[in-house]
1. For region 149-172, what are the residues that are surrounded by fewer than 19 Cβ atoms within 10 Å (Cβ to Cβ) and under 15 Å from the mean Cα position of the chain (by Cα)?
2. Pairs only if they're at least six apart or on different chains, beta carbon under 6 angstrom, first in region 1-29 and farther than 18 Å from Met127 by Cβ, second aliphatic (A, V, I, L, M); list them, first residue then second.
3. Kindly indicate the residue of region 69-123 that is part of a helix (DSSP H, G or I) and touching a helix residue (DSSP H, G or I) at 6+ places or on another chain (Cβ under 6 Å) and also farthest from Ser175 (Cα to Cα) among those meeting that condition.
4. For region 54-68, how many residues are in a loop (DSSP other than H, G, I, E, B) and more than 36 Å from the chain's Cα centre (by Cα)?
5. Please determine, by comparing only the residues of region 181-217 that are among the aliphatic types (A, V, I, L, M) and under 16 Å from Ser243 (Cβ atoms), which one is surrounded by the fewest Cβ atoms within 10 Å (Cβ to Cβ).
6. Name the residue, out of Tyr40, Tyr5, that is of a type in the set (Phe, Trp, Tyr) and farther than 21 Å from Gly68 by Cβ.
7. Of (1) out of contact with any Lys or Arg (no Cβ under 6 Å at 6 or more places or on another chain); (2) of a type in the set (A, V, I, L, M); (3) not assigned by TED's automatic domain parsing to the domain that holds Arg182, Ile99 satisfies all except one. Which?
8. Checking Gly265 against (1) farther than 20 Å from Ile155 by Cβ; (2) of a type outside the set (Asp, Glu); (3) in a loop (DSSP other than H, G, I, E, B); (4) modelled with pLDDT of 95 or more: exactly one of these is not met. Which one?
Amino acid sequence: MSIYYFIKQRFPRKDKRAELRTIFDEQGKIPNEVLDDDDYFENFRLKLPESLPVHPNRFKGLAYATLGDYKVQFDLRTIRNIIIKQNSPRDDDSSMYEIFNRLNTGGINLKPQEIRTSMYHSPFYDMLYRANLNVAWRQIVGNPEPDLHMKDVEILLRGLAMLIDGDNYAPSMVSFLNKFSRKSRMYGEKKNKYLYDLLVSFFDACAKLPEDAFLNKRSKRFNVALYEAAFAAACQRPFREESVLTKPLSPERLARLENDGQFVGAASVSTTQTKNVKLRLERALALLGV
């Protein structure tokens, strides 16, 4: 995409990249009217450091149209792609993930969820992207804009993975989420629609919670362990009954869970060990009264 944008002489504004990712996912391209919109893009000229104070970098400030004699070399340059395919075992993509992760060493490194998105894209993931744009969810997570590195999508994924497959949890969390993402590729339209409705019902059930209900009171960062446990506990019965939440979450009970000694201990040390993951869910089931 960087090469494409350079040729088009337009580059996406940093604060619009998450929104552009959504546009690309929905339309399979960046429409010309979006590309020409200065709210989304700025003119693309090379910003390069000076090699020496008296010898400026010859490409600094150039655009595609002003490359001069180098334009032909640029146009004829080969773009090489390496396709890696795992033939065996077919039911475990851990080797593929590891290769992807090891190759991911140059430029801006991808985060685990970005790698996961590349490997396991499916209608289930499309549903997660849609839920991630929900206004009520953006209020819960405390940021009106989707995270560029998909941390918010990963939080939604963790909650659903714990709800649906938490009984089979085993470390590491990265491996657990990878396996769940692989299995979720088999979900049909009906199940994905139900899971979306379940997520939205949980967002609505959080409407009476304080704005910082899921923020760590010290670090002010999103408390993933609290959200994950609260979501899995609150949705356990509705999920078994294939229904959705109809009652609001109690602010008092959520605060009680957040300050519970056993829960805090299981969320502070060795947080991804099986016993601590399951203890957090047990405490959530006991204290949320669901």
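1. Listed by number, the residues that qualify are His149, Lys151.
2. Cβ pairs passing all conditions: Gln9/Ala63; Arg10/Leu35; Pro12/Leu20; Arg17/Leu148.
3. Top of the filtered list is Pro123.
4. Applying the first criterion (in a loop (DSSP other than H, G, I, E, B)) to region 54-68 yields 54, 56-63, 67-68.
Of the ones still in play, those that are also more than 36 Å from the chain's Cα centre (by Cα) are 54, 56-58, 67-68.
Adding up the residues that qualify gives 6.
5. Val200
6. Tyr40
7. (3)
8. (3)
The values are calculated or read from the model by the stated rules, or taken from the named source; none is laboratory data. In this text, all values refer to a predicted model and were calculated from it rather than measured experimentally. Note: ideal-geometry Cβ built from the backbone for every residue, glycine included; neighbour counts use all protein chains shown.
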